[in-house]
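> Can you read through this structure? Questions will come right after.
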Amino acid sequence: MIWCVEDDASIRDIEVYALRSTGFEATGFEDGTSFWQALQSETPELVVLDVMLPGLDGIELLRRMRASDAFSHIPVVMATAKGAEYDKIQGLDLGADYYLTKPFGVMELVSCVKAVLRRCAPQKAPQLLTAGALTLDPERHIVTANGARVELTLKEFELLRLLLLHPGVAFTREKLMERVWGTDYLGETRTVDMHVRTLRQKLGACGEMIETVRGVGYRLEAQA
């Protein structure tokens, strides 16, 4: 839900219509007081906040939001009058995520809202890949086997990552060459066998999970 706080009814209606017509849920508030009251019971995804408002103005509302643990995370796009340089600086200093200078086009508003939502979206924690006592951290590029860190080459790491992503799937040597080395790799599939052999050695007991599929290639079967 996008909230538009704007005292000019014509501008507010255009903002809400533009956002709704591009797939957003949106609602408008004519002053800072009604907006602040609504904020006590509902949390929007983003607020488009005009600086010049009757009663509680946009700067004071932004200050209150950023000082509150409950509201400080809400992205805020400030709408300022042309030439109001001080308002822009003050808003950004207080933690506004972006500002639009009036008059602005509806597509500029929509584009701005989408960009700020993307930028402020919570980052997902990296997904660890595990099988038995084997763990691979794609983000930190770390592999541990039975609690001990294992140093792998780049290709060994990518080979293990592919097998961990698809446990139980039998990969042909040709498919492993394509996925790990690239389709333009001109080496022999014997390269795969060499890397699997060294990978098994480095992983110790965990290396036994990389099974040879006779006449096909390799797969990873997690130990019970």
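The values are calculated or read from the model by the stated rules, or taken from the named source; none is laboratory data. Bear in mind the structure is a predicted one, so any value in this text is a computation, not a measurement. FYI the Cβ positions are ideal-geometry reconstructions off the backbone, even for glycines, and counts take in every protein chain you see. When the accessible area is computed, the model is the full protein with side chains, heavy atoms only, and any ligands, DNA or RNA have been set aside. Shrake-Rupley method; radii C 1.70, N 1.55, O 1.52, S 1.80 Å.
> Identify, please: which residue in region 161-178 is surrounded by fewer than 15 Cβ atoms within 10 Å (Cβ to Cβ) and assigned to a helix (DSSP H, G or I) and is, among those, modelled with the lowest pLDDT?
Restricting to residues being surrounded by fewer than 15 Cβ atoms within 10 Å (Cβ to Cβ) and assigned to a helix (DSSP H, G or I), the top hit is E178.
> Can I ask one more? Scan region 114-137 for residues that are more than 17 Å from L199 (Cα to Cα), of a type in the set (V, I, T) and open to solvent by 40 Å² or more (accessible area, probe 1.4 Å) and report the count.
First pass over region 114-137, keeping only residues more than 17 Å from L199 (Cα to Cα): 114-128.
Next, from what is left, pick out any that are of a type in the set (V, I, T): 116.
After this cut, where a residue has to be open to solvent by 40 Å² or more (accessible area, probe 1.4 Å) as well, the list is none.
Here the count works out to 0.
> Please identify the pairs in which a residue from region 1-19 that is in contact (Cβ under 8 Å) with a residue 24 or more places away in the chain has its Cβ atom under 9 Å from the Cβ atom of a residue that is polar (S, T, N, Q), counting only partners at least 6 apart or on another chain.
These pairs meet every condition: M1/T27; M1/T43; I2/T27; W3/T27; C4/T27; V5/S34.
> Looking at region 73-83, can you tell me whether even one residue there is within 21 Å of the chain's Cα centre (by Cα) and at pLDDT 95 or above?
Applying the first criterion (within 21 Å of the chain's Cα centre (by Cα)) to region 73-83 yields 73-77.
Subsequent filtering for residues that are at pLDDT 95 or above retains none.
Looking for residues that are within 21 Å of the chain's Cα centre (by Cα) and at pLDDT 95 or above, one finds none in region 73-83, hence no.
> State whether the residues of region 123-146 include one that is closer than 30 Å to A18 by Cβ, modelled with pLDDT of 90 or more and either touching a Pro at 6+ places or on another chain (Cβ under 8 Å) or assigned to a loop (DSSP other than H, G, I, E, B) (or both). Outline the logic, then answer.
Taking region 123-146 as the starting set, the residues that turn out to be closer than 30 Å to A18 by Cβ are 123-124.
Now narrow it down to the ones that are modelled with pLDDT of 90 or more: none.
No, there is no match, as no residue in region 123-146 is closer than 30 Å to A18 by Cβ, modelled with pLDDT of 90 or more and either touching a Pro at 6+ places or on another chain (Cβ under 8 Å) or assigned to a loop (DSSP other than H, G, I, E, B) (or both).
> Follow-up. Which one is nearest to T101 (Cα to Cα) among residues in region 1-17 that are open to solvent by 10 Å² or more (accessible area, probe 1.4 Å) and of a type in the set (A, V, I, L, M)? Walk me through how you get there before you give the answer.
Within region 1-17, the subset open to solvent by 10 Å² or more (accessible area, probe 1.4 Å) is 1, 7-14, 16-17.
Subsequent filtering for residues that are of a type in the set (A, V, I, L, M) retains 1, 9, 11, 14, 16.
Details: M1: 22, A9: 18, I11: 13, I14: 16, V16: 17 Å.
Result: I11.
> Would you pick out the residues in region 10-33 that are under 17 Å from C112 (Cα atoms) and assigned to a helix (DSSP H, G or I)?
Across region 10-33, the qualifying residues are I11, R12, I14, E15, V16, Y17, A18, L19, R20, S21.
> Go through region 138-160 residue by residue and tally those that are out of contact with any Gly (no Cβ under 9 Å at 6 or more places or on another chain) and open to solvent by less than 80 Å² (accessible area, probe 1.4 Å).
Step one: list which residues in region 138-160 are out of contact with any Gly (no Cβ under 9 Å at 6 or more places or on another chain), which gives 138-144, 147, 149, 151-160.
Applying the additional criterion that residues be open to solvent by less than 80 Å² (accessible area, probe 1.4 Å) yields 138, 142-144, 147, 152-153, 155-160.
Total meeting the criteria: 13.
> Can you find a residue in region 76-98 that is open to solvent by 80 Å² or more (accessible area, probe 1.4 Å), within 21 Å of R119 (Cα to Cα) and part of a strand (DSSP E or B)?
Scanning region 76-98 turns up at least one residue that is open to solvent by 80 Å² or more (accessible area, probe 1.4 Å), within 21 Å of R119 (Cα to Cα) and part of a strand (DSSP E or B).
> Also: Taking into account only those residues within region 180-224 that are of a type in the set (G, A, S) and modelled with pLDDT under 90, which is farthest from the chain's Cα centre (by Cα)? Before the answer, list the steps.
Within region 180-224, the first condition is being of a type in the set (G, A, S), and the residues that meet it are 182, 187, 204-205, 207, 215, 217, 222, 224.
With modelled with pLDDT under 90 added as a condition, the list becomes 182, 187, 215, 222, 224.
Numbers: G182: 27, G187: 37, G215: 42, A222: 30, A224: 34 Å.
Once the filter is applied, the top-ranked residue is G215.
> In addition: Take the residues in region 34-51 that are more than 28 Å from the chain's Cα centre (by Cα) and in a helix (DSSP H, G or I), then tell me which one is surrounded by the most Cβ atoms within 10 Å (Cβ to Cβ).
Once the filter is applied, the top-ranked residue is F35.
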